[in-house]
Each structure stands twice: as structure tokens, then as C-alpha cells.
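Chemist: I'd like to ask you about the structure that follows.
Throughout, read-outs are computed from the coordinates displayed, never taken from laboratory work. As the structure is a computational prediction, the values presented were derived from the model and not from experiment. Using ideal geometry, Cβ is built from the backbone for each residue, glycine included, and neighbour counts are taken over all protein chains shown.
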Amino acid sequence: MLTSKTVTEGVASVLEALQNSDVDEARRKIEELSREVKTDRERGVLTAARGIATSMAKAKSGTFQTWDQDKVVRAAEAIRMSQMSDEFDFGFAETLLSYARLLPAKK
């Protein structure tokens with residue numbers, strides 16, 4: 001079983017691949033990680049990363065800037081503030097916030 005630190009590092013490398021618009025590499029890394037993930041929080045982290053990769057693959061340009069940073073942060077914060085959030089949701093929100101940090105800020 002992977003440790004949370006290993007999953008965090010793995011997802012960071014997935015987001016880096018996405019930042020470089022390398023969706024195929026990101027998907028490969030997600031599949032490698034998915035075989036080892038066991039906890040609900042880790043599943044949430046991977047589900048968010050997979051969703052971001054899928055969104056980018058479906059985008060016309062396939063570039064990293066497909067989501068608005070403010071909207072991503074608001075969505076993640078709403079998940080974290082919800083009284084019904086569980087470990088899966090917290091992992092999902094964690095990845096959204098990591099993704100938002102990599103997006104270019106609006107001017």
C-alpha cells in the first residue's frame with residue numbers, strides 16, 4: 001500500500017504533466033497510482049486528478065488553462081466546508097486546491 005506522502009507526490013507529478021499539457025503521461029501515472037490506492041482520501045485525490053485529465057483531454061485545445069482558478073478554489077472550499085464531506089471529499093478538494101495553485105492567476 002502506498003503512503004499518503006507517496007500518493008501526494010504521485011498526484012503532484014500528475015498535475016505537473018497536466019501543466020505541461022501531457023495528458024497521456026498524466027493518465028499513465030494515474031493508472032499506476034490507482035492500482036495501489038487503498039484509503040477513501042487517496043481515492044478522492046485520484047478521482048479529482050482523473051477528472052482534471054479527462055476535462056483537459058476533452059477540451060478543444062487540451063491545454064492546462066481549461067478551468068478558471070477562482071471557480072476551482074470556490075468548489076474546493078465548498079466541498080471542505082460541507083458538513084456532509086467525508087475523507088473521499090477532502091481528498092478530492094485537496095487535489096482541486098493543488099491544481100488551482102498551478103493555474104495562472106487572473107489579471
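Chemist: Summing -39500 (n - 2.57) over the DSSP H runs of n ≥ 4 in the chain and dividing by its residue number, what mean residue ellipticity at 222 nm do you reach, to the nearest 500 deg cm²/dmol?
Modeler: Helices in the chain give a 222 nm mean residue ellipticity of -23500 deg cm²/dmol.
Chemist: Return the long-range amide H neighbours of Ser21 (sequence gap of 5 or more, or a different chain), with a cut-off of under 5 Å between placed amide H atoms.
Modeler: Correct list: Phe64.
Chemist: I want to verify a result. In a Gaussian network model of the chain, Cα cutoff 10 Å, which of these has the top mean-square fluctuation: Ala49, Ala78, Ala26?
Modeler: Ala78
Chemist: With the contact rule set at Cα under 8 Å and sequence spacing of 6 or more, what percent relative contact order holds for the chain?
Modeler: Relative contact order of the chain: 30 percent.
Chemist: By how many nm would the segment from Glu77 to Arg28 lengthen if fully extended, with 0.36 nm per residue of separation less the alpha-carbon distance?
Modeler: Full-extension gain reported as 14.8 nm.
Chemist: For the chain, what number of Lys pairs, 8 or more residues apart or on separate chains, have alpha-carbon atoms under 22 Å from each other?
Modeler: Counting lysine pairs in the chain gives 9.
Chemist: How much length would be gained if the chain were fully extended between Thr6 and Ser55, taking 0.36 nm per residue of separation minus their Cα-Cα distance, in nm to one decimal?
Modeler: 15.2 nm
Chemist: Placing +1 at every Lys and Arg Cβ and -1 at every Asp and Glu Cβ, with all other atoms neutral, what dipole size does the chain have around its Cα centre, in debye to the nearest 20?
Modeler: Computed about the Cα centre, the dipole is about 320 debye.
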